[in-house]
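Just so you know, all these numbers are worked out from the coordinates, no wet-lab data involved. Treat the numbers as computed from the prediction; the structure is a model and nothing was measured. Positions of Cβ are backbone-derived with ideal geometry, glycine not excepted, and every protein chain shown enters the neighbour counts.
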Amino acid sequence: MTPPVVELSDVGRVYDSDPPVHALRDVNLRVSTGDYLAVVGASGSGKSSLLNILGLLDRPDSGTYLLDGVDTTRLDDGQRTALRGSKIGFVFQSFHLLPYRSAAENVAMAELYRRGDRTQRARRAEATLDRVGLAHRVGFRPDRLSGGERQRVAIARALLGEPALLLCDEPTGNLDRANTEAVLDLFDDLKEQGVTLIVITHDDDVSRRAERRISIEDGRLSEESG
Amino acid sequence: MKSPLRPVLGVRDLFDEALAGVASRPLRTVLTMLGTIVGITTLVITLGIAETAGNQIAGRFDAVTATSVTVRVPGQADSGRPPTVAWDALPNLTRLNGVRAAAAVSRPDGISDARVRANDLHDPATVTDRILPAVGTTADLPAAADSKVARGRYFDEGHIARSDRVVVLGSSAAQLLGVTDLGEGPAVFVDDQPFTVIGVLESTAGSQQHNLDTAVLVPYTTGQDRLQLGVPTAVLIRTELGAASLIARQAPIALSPGDHDSLQVLAPPDPAALRGGVQHDVDSLFVVLGLVSLIVGALGITNVTLVTVMERTGEIGLRRALGGSRRHIAAQFLAESGVVGLIGGIVGASSGILAVVAISIGRQWTPVLDLTLAAGAPAAGAVVGLLAGLYPALRAARMQPVDALRSGT
């Protein structure tokens with residue numbers, strides 16, 4: 001049987017401050033391959049802390065986190081970095097595109113720290129741009145792209161190498177309504193293609209498009225039915 | 001449990017990333033390079049000019065003086081003793097490797113210069129009367145003194161063997177005595193004894209060095225018989241280039257094996273030491289300037305790279321998110337500062353070499369540049385860049401990806 005892509009068991013995260021902040025409390029979550037899941041919550045609810053732990057950018061203080069069957073709590077920093085690079089694709093609110101690189105070069109960066117054929121990298125990047133509908137923008141630098149196009153370049157970068165998990169942090173936060181719709185349509189397509197998606201958002205319209213809705217409040221998760 | 005691989009970054013990828021990073025801000029990169037360029041240029045000019053000038057000075061010195069050795073024979077109080085240096089001792093000297101020519105001379109001190117008269121050929125009633133040094137010499141004097149016969153000839157072994165009454169005049173002596181044409185076989189009277197003038201020497205650096213321009217030169221046998229010139233007072237030696245120091249040590253023993261300590265040798269300073277001295281003087285002045293410029297350049301690179309690291313915090317976070325390790329982040333910023341230093345070094349070395357060539361052409365010198373300097377200067381620039389980038393690179397590597405992603409856009 002295929003293991004879940006994400007399996008959080010009793011995960012807790014406490015920030016050392018005065019008084020200490022319990023950002024996550026006994027979080028349990030299973031995400032299977034092909035799931036499209038939205039995490040919603042107010043500011044300060046623990047969304048970012050959950051994203052950082054899911055993205056292997058931070059370590060939990062308690063509990064275990066299995067990513068694609070690998071117990072990440074036992075890995076050292078270098079192993080976690082390698083696992084992050086190979087299993088997780090990130091989509092950020094502010095796109096994080098390098099302004100001095102073309103769209104294709106920005107996408108190809110996703111494979112920079114992985115073993116692989118250098119010459120094939122550019123070809124795969126162009127194919128992935130085609131997959132998000134930007135085949136005509138391959139050589140464009142970010143400053144010549146619209147906000148929606150920039151986010152689609154970022155999604156293409158996250159998709160390169162077929163990661164086990166696409167982790168999106170407020171992906172429509174900097175987009176207008178039309179571009180938001182275009183990005184959400186793209187997420188629907190990716191869901192159809194079997195991509196596992198977790199979208200962190202505070203926008204109900206965005207979360208309603210997801211297959212599963214998880215609410216987070218004061219560091220505790222609860223899944224909304226239906 | 002599956003064990004994930006370590007993240008990797010190929011060398012070509014690393015340099016591609018570094019070049020792209022450096023090229024993304026061209027004006028800033030050029031300004032950052034300026035310190036390194038100035039430092040390396042100064043160093044290359046300093047070392048190049050020092051070497052060129054040293055070579056030039058040593059070259060001139062070599063040509064005129066470095067092949068001349070003079071052995072002075074002290075005067076002998078006891079005229080009954082055998083001479084310290086005998087006239088027939090020269091073959092022992094000329095056998096030494098490195099001796100091109102040698103001549104012995106007997107020159108009285110200034111008080112006993114001879115009275116020399118000459119009759120004007122066109123107006124015999126006009127008599128020119130001068131007090132000039134009469135010098136007895138062996139036949140090889142022109143070669144040994146680096147002089148030349150301007151007109152006529154120098155006397156030979158035959159003249160010496162026969163004690164012929166012939167003279168060769170120095171250029172100034174000929175002028176003073178009005179001897180201009182040797183065709184008529186002019187005569188001069190030295191201490192009232194007639195001598196035929198068979199040649200006139202040209203004035204050269206060598207003849208000036210040995211005070212031959214005003215001399216009346218006679219075969220040493222003739223000088224002994226007729227002018228009371230005695231034993232050799234000096235031996236002039238012309239050596240091969242670079243052999244002067246060695247010959248200066250060997251000549252006294254060859255000339256007077258039993259009493260070589262009493263001989264006084266005048267030899268040029270070692271050309272290599274002279275060149276080294278010149279280079280050292282120039283080097284020590286300007287190498288400090290070059291190094292100060294390089295340090296300023298390095299501080300410039302450090303400052304700008306630190307600013308760049310702060311500006312690219314978001315990029316650092318992104319690279320960490322994409323699987324870049326701390327080592328990769330450090331390597332990239334080090335490579336960028338190394339590339340800046342390397343390009344600065346190449347531009348600096350090229351500018352320095354061009355400046356050395358231009359200065360040399362202006363001065364009509366032969367430019368001399370050490371190839372290792374031309375190759376080493378860019379490497380030095382790269383090392384400066386790497387050292388300067390060390391601290392900013394470590395700062396970048398220490399950033400937490402979460403913080404970097406949050407603070408950078």
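Relative contact order, whole percent, for region A:38-154 stands at 23, derived from Cα pairs under 8 Å and 6 or more residues apart.
Working from label points 7 Å from Cα in the Cα-to-Cβ sense, the B:VAL30 to B:VAL292 distance is 2.8 nm. Counting, for every residue in A:107-113, the Cβ atoms of other protein chains within 10 Å of its Cβ and taking the mean gives 6. If you plug the beta carbon distance of B:ALA86 and B:THR366 into 1/(1 + (r/R0)^6) with R0 = 51 Å, you get a FRET efficiency near 0.70. For a modelled paramagnetic label at A:SER9, 7 Å from Cα along Cα-to-Cβ, no residue of region A:202-226 is in reach, as no backbone nitrogen comes under 16 Å.
Among A:ASN174, A:VAL21, A:LEU83, flag the residue with its Cα farthest along the positive direction of the charge dipole of region A:6-223, charges on Cβ as +1 for Lys/Arg and -1 for Asp/Glu. Positive-end residue among those listed: A:LEU83. Once the C-beta distance of A:GLU223 and B:ASP403 is scaled by a Förster radius of 25 Å, the resulting FRET efficiency is 0.25 to the nearest 0.05. Projected label points at A:ALA127 and B:PHE189, each 7 Å from Cα along the beta carbon direction, are separated by 11.8 nanometres. Between B:ASP370, B:ASP146, B:ASP13, the GNM of chain B built on Cα springs shorter than 10 angstrom shows B:ASP13 fluctuating the most.
Mean per-residue shielding of peptide A:82-93 is 5, counting Cβ atoms of other chains within 10 Å of each Cβ. Across region B:315-330, rounded Karplus estimates of 3J(HN,Hα) from the backbone phi angles (6.51 cos²θ - 1.76 cosθ + 1.60, θ = phi - 60°) give 5, 5, x, 4, 4, 5, 5, 7, x, x, 8, 4, 4, 5, 5, 4 Hz, Gly and Pro being marked x.
Dipole check for the protein assembly as shown: with +1 at the C-beta of Lys and Arg, -1 at the C-beta of Asp and Glu, and the Cα centre as origin, the magnitude is about 1120 Debye. Which aspartates and glutamates, on any chain, are close to A:LYS87 with Cα under 17 Å apart, when same-chain ones fewer than 8 places away are left out? Qualifying aspartates and glutamates at Cα under 17 Å: A:GLU7, A:ASP35, A:ASP58, A:ASP68, A:ASP71, A:ASP76, A:ASP77, A:GLU111, A:GLU162, A:ASP169. Considering only B:VAL357, A:VAL132, B:ALA375, the residue lying farthest towards the positive end of the dipole of the protein assembly as shown is A:VAL132, judged by Cα position with unit charges set on Cβ. Across region A:162-178, rounded Karplus estimates of 3J(HN,Hα) from the backbone phi angles (6.51 cos²θ - 1.76 cosθ + 1.60, θ = phi - 60°) give 6, x, 6, 9, 9, 10, 10, 10, 6, x, 10, x, 10, 10, 7, 4, 5 Hz, Gly and Pro being marked x.
If you plug the beta carbon distance of A:GLN120 and B:LEU390 into 1/(1 + (r/R0)^6) with R0 = 51 Å, you get a FRET efficiency near 0.90.
Once every DSSP H run of n ≥ 4 in the protein assembly as shown is given -39500 (n - 2.57) and the sum is divided by its residues, what mean residue ellipticity at 222 nm do you get, rounded to the nearest 500 deg cm²/dmol?
Calculated from helices alone, the mean residue ellipticity at 222 nm is -15000 deg cm²/dmol.
Counted over region A:96-226, the DSSP beta bridges are approximately 55% antiparallel. Mean per-residue shielding of peptide A:57-67 is 1, counting Cβ atoms of other chains within 10 Å of each Cβ.
For the protein assembly as shown, give the share of DSSP beta bridges that are antiparallel, in percent and rounded to the nearest 5; count only bridges with both residues there.
So the antiparallel bridges in the protein assembly as shown amount to around 70 percent.
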